[in-house]
1. Considering segment 1-45 alone, what residues qualify as being within 21 Å of A60 (Cβ to Cβ) and among the hydrophobic types (A, V, I, L, M, F, W, C)?
2. Mind checking which strands (runs of 3 or more DSSP E) fall wholly inside segment 51-123 and carry at least 3 residues that are open to solvent by 20 Å² or more (accessible area, probe 1.4 Å), without any contact (Cβ under 8 Å) to a residue 40 or more places away in the chain and out of contact with any His (no Cβ under 8 Å at 6 or more places or on another chain)?
3. Take V47 and tell me if it is touching a helix residue (DSSP H, G or I) at 6+ places or on another chain (Cβ under 8 Å), open to solvent by less than 60 Å² (accessible area, probe 1.4 Å), of a type in the set (A, V, I, L, M) and modelled with pLDDT of 95 or more.
Amino acid sequence: VQLQAFGGGLVQAGGYLRLSCAASGRTFSSYDMGWFRQAPGKEREFVAAIGWSGTSTIYADSVKRRFTISRDNAKNTVYLQMNSLKPEDTAVYYCAAVFASTRRTEPDEYDYWGQGTEVTVSS
């Protein structure tokens with residue numbers, strides 16, 4: 001699976017962005033998908049994940065009720081809608097794919113990674 005994330009940018013606090021991750025290669029709909037982020041000087045952290053069918057989602061506590069992960073298997077794309085953005089959301093955001101994992105919050109579970117898209121939230 002090849003992944004390409006895009007949609008990042010500069011936004012003011014309280015604003016919104018929608019990230020997309022386009023997949024190609026093997027069967028996208030078979031994979032659970034996740035979003036992670038990495039801020040300067042910090043480790044990569046889990047943001048959100050969605051099961052292969054789109055019915056199961058999990059979120060980091062820091063983004064609950066602000067971010068929404070979704071997927072469109074017909075378009076081989078996973079999305080991350082980010083609302084009420086805060087300066088602490090500033091990071092490079094990565095999408096990742098894993099086949100049938102029970103530990104979708106763990107970055108080392110994921111087999112495939114996109115190149116990352118940068119999100120900067122100004123105060």
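1. Passing the criteria: L3, A5, V11, A13, L17, L19, C21, M33, W35, F36, A39.
2. Details: elements: 57-59, 67-72, 77-82, 91-98, 117-122.
By residue number, 67-72.
3. Criteria not met by V47.
The values are calculated or read from the model by the stated rules, or taken from the named source; none is laboratory data. Bear in mind the structure is a predicted one, so any value in this text is a computation, not a measurement. Positions of Cβ are backbone-derived with ideal geometry, glycine not excepted, and every protein chain shown enters the neighbour counts. Ligands, DNA and RNA are stripped out before the accessible areas are found, and what is left, the full protein with its side chains, is counted by its heavy atoms. Shrake-Rupley method; radii C 1.70, N 1.55, O 1.52, S 1.80 Å.
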